[in-house]
1. I need the full set of residues from region 3-59 which are among the basic types (Lys, Arg) and within 19 Å of residue 73 (Cβ to Cβ), in order please.
2. Taking region 9-41 on its own, how many of its residues are under 16 Å from residue 126 (Cα atoms), touching a residue at least 60 places away in the same chain (Cβ under 8 Å) and surrounded by 13 or more Cβ atoms within 10 Å (Cβ to Cβ)?
3. Could you say which residue among 109, 118, 135 is loosely packed, with under 15 Cβ neighbours inside 10 Å, in a strand (DSSP E or B) and either touching a Phe, Trp or Tyr at 6+ places or on another chain (Cβ under 8 Å) or not polar (S, T, N, Q) (or both)?
4. Within region 89-103, take every residue that is within 24 Å of residue 70 (Cα to Cα) and not hydrophobic (A, V, I, L, M, F, W, C) and give me the one that is surrounded by the most Cβ atoms within 10 Å (Cβ to Cβ).
5. Against the definition (crowded, with 19+ Cβ neighbours inside 10 Å, touching a Gly at 6+ places or on another chain (Cβ under 9 Å) and not hydroxyl-bearing (Ser, Thr, Tyr)), how does residue 75 come out, yes or no?
Amino acid sequence: MRIIIKDKKHLPAAVRKLLHAAGNRKIFAFYGAMGAGKTTIIKSICRELDASDTVTSPTFTLVNEYKTSSGESIFHIDFYRINKQEEVYDFGIEEYLTGDSYCFMEWPELIEELLPQETFKIKIKVEAGDQRILEIS
């Protein structure tokens with residue numbers, strides 16, 4: 001499946017399609033080059049899920065937790081600064097991958113073999129201008 005985001009004003013509609021396509025899956029892995037829009041898309045998803053917290057990149061904190069207006073947790077993980085897979089066990093990656101909360105991951109390549117089978121994988125391709133192509137598997 002492919003979702004085309006022509007520019008940022010089309011992002012909310014694209015995110016709704018993405019969430020619909022995910023069905024009951026709550027573990028999302030975002031792949032894409034630096035600046036492809038991973039964090040921007042995750043921010044929009046969190047808005048759609050009614051997160052009441054400010055969504056920011058967890059590049060330095062590794063994991064951010066956001067709360068929805070109903071008190072549910074959403075986790076946002078960035079593996080960019082992880083040097084080796086063993087480091088993810090230090091912050092309890094298993095709990096995020098097996099819990100009932102949404103978990104959005106940037107740079108998941110390092111932990112690919114740890115991802116559950118049902119992980120919703122999104123590859124972001126940058127096209128001309130602000131256009132992004134989301135390839136979902």
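1. Initially, region 3-59 is screened for residues among the basic types (Lys, Arg), giving 6, 8-9, 16-17, 25-26, 38, 43, 47.
Hits for region 3-59 are 25, 26, 43, 47.
2. Residues meeting the conditions: 9.
3. 135
4. 102
5. Numbers: crowded, with 19+ Cβ neighbours inside 10 Å: yes; touching a Gly at 6+ places or on another chain (Cβ under 9 Å): yes; not hydroxyl-bearing (Ser, Thr, Tyr): yes.
The answer is yes for residue 75.
Each value in this text was obtained by applying a stated rule to the coordinates, not by laboratory testing. Please read these numbers as outputs of a predicted model, since none were measured by experiment. As a convention, Cβ positions derive from the backbone with ideal geometry for all residues, glycine included, and neighbour counts pool all protein chains shown.
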